[in-house]
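The values are calculated or read from the model by the stated rules, or taken from the named source; none is laboratory data. As the structure is a computational prediction, the values presented were derived from the model and not from experiment. Positions of Cβ are generated from backbone atoms using ideal geometry, with glycine treated the same way; all protein chains shown enter the neighbour counts.
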Amino acid sequence: MDKIKLNKLPTHVAIIMDGNGRWAKLKKLKRVEGHSVGIESVREIITTTRELAIPYLTLYAFSKENWARPKDEVTTLLTLLSVYLEEELPLMMDQGICFNIVGELEDFPKKLQRQIAGVIQKTADNSNLHLNIALSYSGRREIIHAVKAIVEDVKKGVIKKIDEKIFKKYLYAGNIPDPDFLIRTSGEMRLSNFLLWQVAYTEIYVTETLWPDFRKKAYLEALREFTRRERRFGKVQEG
Ligand code: FPP
């Protein structure tokens, strides 16, 4: 396989981690076991992102719509998140990972909210990799949330005009660059309400690989494909 062109790697990778349920079904396991193994992929993808010095990674872990899943599945996902945060904090500190979330944190049990806030605070000064996890996230709700905050600030006279640059500042993670590359595992060709504003010019990559099987090799293959893409941002091809 060709060597990856490090100077052409994306600055911000976003991933829709899909297919845990299907992976478990194929292996005749319970859906929640797919999520448990999915955590191993999360670890491997974060470590690889760090090794490649890609500075921003956003993972879609739990959508606003996911609350409608069976109660035991939701409980398992929340428990996995809590255990993950507890186990990974030392590694985040060691590798200089700054942790943040995008989404509606207030939907979570108070204890988990406090744990998440603690990890955000402890890792705030790290800067090697900005890791954002989308939790109770909905792209449409994020846009409405931004519009409401803008209306308030216009009323208060804090802002006088609204343009793309100002609008972006009101998104949950308004200070980070838009994703250059969006990966979706397990073959579905949709955005599922993920980062709707931010993906306007993002390169999209869909792989049939199910999330628990999406490891370093598959990730490098996706990134290699990105390095071959020609990005035009709506302009004509040069040369
Ligand atoms: C989609 O698979 C995956 C999810 C809804 C959850 C993703 C969560 C994890 C990988 C673990 C928790 C993450 C962190 C960061 C601690 P699906 O269940 O929709 O799969 P299916 O479409 O095959 O049913």
Report task. Take the residues in region 79-93 that are within 9 Å of the ligand (Cβ to nearest atom) and free of Cβ contacts under 8 Å to residues at least 40 places away in the same chain, then tell me which one is nearest to residue 133 (Cα to Cα). Result -> 85
Requested in this report: Considering every residue within region 14-29, establish whether at least one is away from the ligand (no atom under 11 Å from the Cβ), outside any loop (DSSP other than H, G, I, E, B) and crowded, with 20+ Cβ neighbours inside 10 Å.
Outcome: yes
Query raised in the report: Across region 142-172, what is the total count of residues that are charged (D, E, K, R) and within 15 Å of residue 101 (Cα to Cα)?
Result: 1
Report task. Kindly provide the set of residues from region 1-13 that are assigned to a loop (DSSP other than H, G, I, E, B) and either touching a Lys or Arg at 6+ places or on another chain (Cβ under 8 Å) or modelled with pLDDT under 95 (or both), ordered by number. Result -> 1, 2, 3, 4, 5
**Report entry** In region 48-66, the residues that are under 19 Å from residue 180 (Cα atoms) and not in a strand (DSSP E or B)
**Finding:** 48, 49, 50, 51, 52, 53, 54, 55
Query - Residues that are over 19 Å from residue 95 (Cβ atoms) and within 8 Å of the ligand (Cβ to nearest atom), drawn from region 37-60 - result: 38, 60
Query raised in the report: Out of all the residues in region 77-104, which are under 22 Å from residue 34 (Cβ atoms) and surrounded by 17 or more Cβ atoms within 10 Å (Cβ to Cβ)?
Result: 77, 80, 81, 85, 88, 103
Report summary line: Within region 94-117, residues over 12 Å from residue 131 (Cα atoms), hydrophobic (A, V, I, L, M, F, W, C) and touching a Ser or Thr at 6+ places or on another chain (Cβ under 8 Å) come out as 105, 108, 112
Query raised in the report: From 233, 194, which residue is modelled with pLDDT of 95 or more and out of contact with any Cys (no Cβ under 7 Å at 6 or more places or on another chain)?
Result: 194
Query raised in the report: Got at least one residue in region 105-124 being touching a Pro at 6+ places or on another chain (Cβ under 8 Å) and crowded, with 17+ Cβ neighbours inside 10 Å?
Result: no
Requested in this report: Would you check if there is a residue in region 89-99 being aliphatic (A, V, I, L, M), within 14 Å of residue 173 (Cβ to Cβ) and either out of contact with any helix residue (DSSP H, G or I) (no Cβ under 7 Å at 6 or more places or on another chain) or in a loop (DSSP other than H, G, I, E, B) (or both)?
Outcome: no
